[in-house]
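Engineer: Got a structure here, written out as structure tokens. Questions coming.
What follows draws every value from the coordinates through simple rules; no lab data is involved. These numbers were taken from a predicted model, which means no experiment stands behind them. Because the Cβ atoms are built from the backbone with ideal geometry, glycine has one as well, and the counts that use them run over all protein chains shown.
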Amino acid sequence: MKRDEKPELKIKIRGLDEGVHPVEIRMDASVLELPAFSGELVVHGTLEKRQERLILDVVANMRGAFECTRCTDPFTRLISAHSRLEFMPPSLTKGDMDDEDTHVYDPIADAYIVFTEDIRDAVVLAIPMKNLCRENCKGLCQTCGKNLNREECDCLPAEIDNQWSALKGLQERLRAEENKRTDDSE
Ligand SMILES: [Zn+2]
Ligand SMILES: [Zn+2]
């Protein structure tokens, strides 16, 4: 291997026997070039060879550092991303290459299948949209900004404020109606 060669997630396929083979790759998570992830990346699962068709079915596990979407505190969590990829020679693809999980390879020329980008995409998708430091994170007070996981504050919760303004609106409407009625009776 050349020393300046970029690390990749790959499996040697030259000389691979027919059937199902276990896959276990451990390498530094920096291979994914996702700044949130560091430490060890473990990719495990199976690679199945059915004649010239290769089916890679793996789960990637690693720890990421995030910011809670509710309270903004930093925290780490284990991310697991599943990928099922197919590799086939051009003769087998028959124009169904719209599927981004299907890749073309050359069974004669290619010694390896490379899937770094597929795993990167799967990992990005596996990060929850609502990425919370804990399931019941109380978040920040919308009024004073205190982190309610660590301390309490005396602000009225936003919903109560809304209830008050709803009540005030009702009160104003009732008053207006009352004034109208008094005006009519005069
Ligand atoms: Zn939080
Ligand atoms: Zn507050």
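Engineer: Translational diffusion coefficient, Stokes-Einstein: compute it for the range 77-141 using the Kirkwood radius over C-alpha pairs as Rh, at 4 °C and 1.567 mPa s, and state it as an integer in µm² s⁻¹.
Structural biologist: Translational diffusion coefficient: 87 µm²/s.
Engineer: So, in the chain, how many Lys pairs have Cα atoms under 18 Å apart, if the pair is 8 or more places apart or on different chains?
Structural biologist: 6
Engineer: Two decimals, Cα atoms only, Kirkwood Rh: what is Rg/Rh over the range 1-93?
Structural biologist: Numbers: Rg = 16.6 Å, Rh = 15.4 Å.
A ratio of 1.08.
Engineer: Relative to the longest principal Cα axis of the chain, at what angle does helix 158-185 sit, 0 to 90 degrees, rounded to 10?
Structural biologist: With both axes taken from Cα atoms, the answer is about 40 degrees.
Engineer: Run lengths n ≥ 4 of DSSP H only: what is the helix-derived mean residue ellipticity at 222 nm for the chain, with -39500 (n - 2.57) per run over all residues, to the nearest 500?
Structural biologist: Using -39500 (n - 2.57) per qualifying helix, the result is -7500 deg cm²/dmol.
Engineer: Quick one: angle between helix 116-126 and the longest Cα principal axis of the chain, in degrees between 0 and 90, rounded to 10, please.
Structural biologist: 20
Engineer: Over the chain, how many percent of alpha carbon pairs lie in each 5 Å bin up to the one with the longest distance?
Structural biologist: 1, 6, 12, 12, 11, 10, 8, 6, 6, 5, 5, 4, 4, 3, 2, 2, 2, 1, 1, 0, 0
Engineer: In what sequence, highest mean first, do 125-132, 137-144 appear when ranked by Cβ atoms within 10 angstrom? Show your work: numbers first, answer last.
Structural biologist: Numbers: 125-132: 12.1, 137-144: 14.6.
By packing density, highest mean first, the sequence is 137-144, 125-132.
Engineer: So between Glu177 and Ser165, what do we pick up on full extension, going 0.36 nm a residue minus the alpha carbon distance?
Structural biologist: Details: separation 12, 0.36 × 12 = 4.32 nm, distance 1.84 nm.
Once the chain is fully extended between Glu177 and Ser165, it gains 2.5 nm.
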